[in-house]
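*Asks:* Here it is: the structure, laid out below.
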Amino acid sequence: MSLRIGAAEARTMLAHLVRAYPEEGCGVLIGVEQDGVREVTRAIVFENAREDSRHNRYLIAPEQFLAAERAARAANLDVLGFYHSHPDHPAEPSAFDLEHAWPYYSYVIVSVAGGRVADARAWRLASDRTRFDPEPLDLPADAAAIGEGRP
């Protein structure tokens with residue numbers, strides 16, 4: 001399985017995460033899955049609902065997730081996963097990420113270092129829930145520039 005995010009969706013996601021810096025930003029990815037590829041057709045931006053530790057934790061509130069589910073259903077799409085940033089840290093899942101992950105979904109983690117996109121990687125929770133496995137991520141070649149707000 002691989003995850004493909006087009007230019008418009010990448011621009012929305014990465015620009016949001018850069019704006020959220022130095023706090024974690026987050027959102028939901030919706031689209032379609034077919035022939036071993038998850039195609040993101042919309043990145044839904046959410047405000048980090050966490051009230052504390054926003055520099056290293058994020059929360060998508062239940063009502064935000066419900067809104068994303070409704071938006072996906074209305075467009076005949078599925079919620080494929082989530083994205084969030086790691087300010088000044090690698091684009092690798094933390095122990096906290098592992099503890100709060102759900103099966104099935106793709107998790108895109110974006111390293112934002114010094115207010116710029118440094119790296120982006122996708123992950124899937126292993127079936128035994130003990131770790132994340134890397135998921136191939138297809139982003140536009142200029143994704144880092146998109147995140148910096150360049151055309």
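Laboratory data are not the source of any read-out in this text; all were calculated from the coordinates shown. What you see is a predicted model; the values in this text were computed from it and never measured. Every residue, glycine among them, receives a Cβ derived from its backbone with ideal geometry; neighbour counts consider all protein chains shown.
*Asks:* So what is the relative contact order of the chain, in percent, for Cα pairs below 8 Å that sit 6 or more residues apart?
*Replies:* The value is 28 percent.
*Asks:* Which of Ser53, Ala68, Gly36 sits closest to the plus end of the dipole of the stretch 32-94, meaning its Cα is farthest towards the positive end, when Lys and Arg get +1 and Asp and Glu get -1 on the C-beta?
*Replies:* Ala68
*Asks:* Turning to a different aspect of this structure: Based solely on its DSSP helices, what 222 nm [θ] is calculated for the chain when runs of n ≥ 4 H residues each add -39,500 (n - 2.57) and the sum is averaged over all residues, nearest 500 deg cm²/dmol?
*Replies:* Helix contribution divided over all residues of the chain: -7500 deg cm²/dmol.
*Asks:* Based on the alpha carbons, how large is the Rg to Rh ratio for the stretch 3-151 when Rh follows Kirkwood?
*Replies:* 0.93
*Asks:* Pull up the DSSP beta bridges for the chain and report the antiparallel fraction as a percent, rounded to 5.
*Replies:* About 70 percent, rounded to the nearest 5.
*Asks:* Can you classify the stretch 56-116 as rounded, prolate or oblate using the Cα gyration tensor, where a ≥ b ≥ c are the square roots of its eigenvalues, rounded means a/c under 1.5, and otherwise it's prolate if a/b beats b/c and oblate if not?
*Replies:* It comes out prolate by the Cα gyration axes.
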